[in-house]
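The values are calculated or read from the model by the stated rules, or taken from the named source; none is laboratory data. A quick note: this is a predicted structure, and the numbers were derived from the prediction, not measured. Neighbour counts run over all protein chains shown; Cβ positions are idealised from the backbone, glycine included. When the accessible area is computed, the model is the full protein with side chains, heavy atoms only, and any ligands, DNA or RNA have been set aside. Shrake-Rupley method; radii C 1.70, N 1.55, O 1.52, S 1.80 Å.
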Amino acid sequence: IPEWVALAGARPGKGSWPAPRANFQTSGYSTNYSVEVDVVMDIDPIPARALYRYDIDGFSIAASYSQLGDSHAYSLAVAYEMDGFSAALGWGQAKYDDAFRFTVTESATPFLGTPAPTLMNTFIDRALDVRTRDLSASLGYDMGDIAVKGIYQDKRVSLENNGTLDRHRSIGISGSATFDEVTVSAYAIGKRSRTLGATATSYGLGASYDLGGGASVVGGVARTQEFDFATGTTPSTTRADFGLSFSF
């Protein structure tokens with residue numbers, strides 16, 4: 001898929017919903033009784049099956065369709081480039097088959113050493129389709145040695161009965177600058193969850209040095225913050241890498 005289509009957010013979103021658990025337990029004279037609630041949403045990427053792109057006079061139009069089993073996705077995108085200026089708009093929608101599972105299990109465990117076995121009964125086990133919808137836009141300007149780009153995305157996740165699970169709104173900016181053999185790049189993006197009422201912020205900084213002959217020394221550090229719906233928090237992870245890159 002062309003880079004500008006990906007940046008415009010035309011590809012369906014992907015990700016996974018953590019599995020929150022709610023345990024309610026009471027103890028009587030002879031039996032411990034508990035109820036466990038599991039809610040899991042797992043969205044895997046859908047491989048692209050067909051992509052069409054048409055270019056004319058600085059305009060690019062693309063349409064794609066993807067399918068994996070009973071899950072499918074489709075998207076549309078349009079972009080325009082002129083004298084270093086670029087703009088793109090993308091829309092995508094996907095349906096993930098049985099991606100949301102809700103399970104309630106009750107169990108009765110012997111109390112005070114009673115030798116009877118534990119009894120378990122799953123009395124609710126339901127799977128629902130999940131739908132995602134993305135609307136994204138980007139603006140960029142490339143001056144040769146310096147390039148900047150800004151993006152906006154509105155992503156909605158809902159169930160097959162139109163119940164909205166969450167809505168994310170993201171705003172980000174990235175840029176790069178080249179000075180002789182050295183290129184420095186950076187990005188920052190903030191994502192707001194309506195369900196959690198929280199914002200996850202990620203950013204990174206990287207640099208490369210051109211050794212010539214297609215070889216470069218590259219390195220970078222990035223801090224990524226995501227939503228944890230099980231705990232209602234936004235944990236972060238910081239990673240760094242350094243190495244050699246070869247291009248022939």
> Is there any pair with a first residue in segment 215-236 that is more than 15 Å from GLY190 (Cβ to Cβ) and a second that is polar (S, T, N, Q) and not in a strand (DSSP E or B) whose Cβ atoms are under 9 Å apart and which are 6 or more apart or on different chains, and what are they?
Replying inline: ALA215/SER247; SER216/SER247; ASP228/THR234; PHE229/THR195
>> Filter segment 132-180 down to the residues that are in contact with a Gly (Cβ under 6 Å, 6 or more places away or on another chain) and open to solvent by less than 90 Å² (accessible area, probe 1.4 Å) and list them by number.
In response: THR132, ASP134, SER136, ASP142, VAL148, LYS149, ILE151, GLN153, LYS155
> Within segment 177-227, which residues are in contact with a Leu (Cβ under 9 Å, 6 or more places away or on another chain) and not small (Gly, Ala, Ser)?
Replying inline: GLU181, VAL184, TYR187, THR195, LEU211, VAL217, VAL218, VAL221, PHE227
>> Can you say whether PHE246 is among the aromatic types (Phe, Trp, Tyr) and at pLDDT 90 or above, as far as the supplied structure shows?
In response: yes
>> Among the residues in segment 156-176, are any of a type outside the set (Val, Ile, Thr), over 15 Å from the mean Cα position of the chain (by Cα) and more than 30 Å from GLN93 (Cβ to Cβ)?
In response: yes
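Looking at TYR152, TYR187, which one is under 30 Å from VAL217 (Cα atoms), aromatic (Phe, Trp, Tyr) and touching a strand residue (DSSP E or B) at 6+ places or on another chain (Cβ under 9 Å)?
Details: TYR152 fails: under 30 Å from VAL217 (Cα atoms).
Residue meeting the stated conditions: TYR187.
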> On the given criteria, is THR201 outside any strand (DSSP E or B), out of contact with any helix residue (DSSP H, G or I) (no Cβ under 8 Å at 6 or more places or on another chain) and either polar (S, T, N, Q) or on the phi > 0 side of the Ramachandran plot (or both)?
Replying inline: no
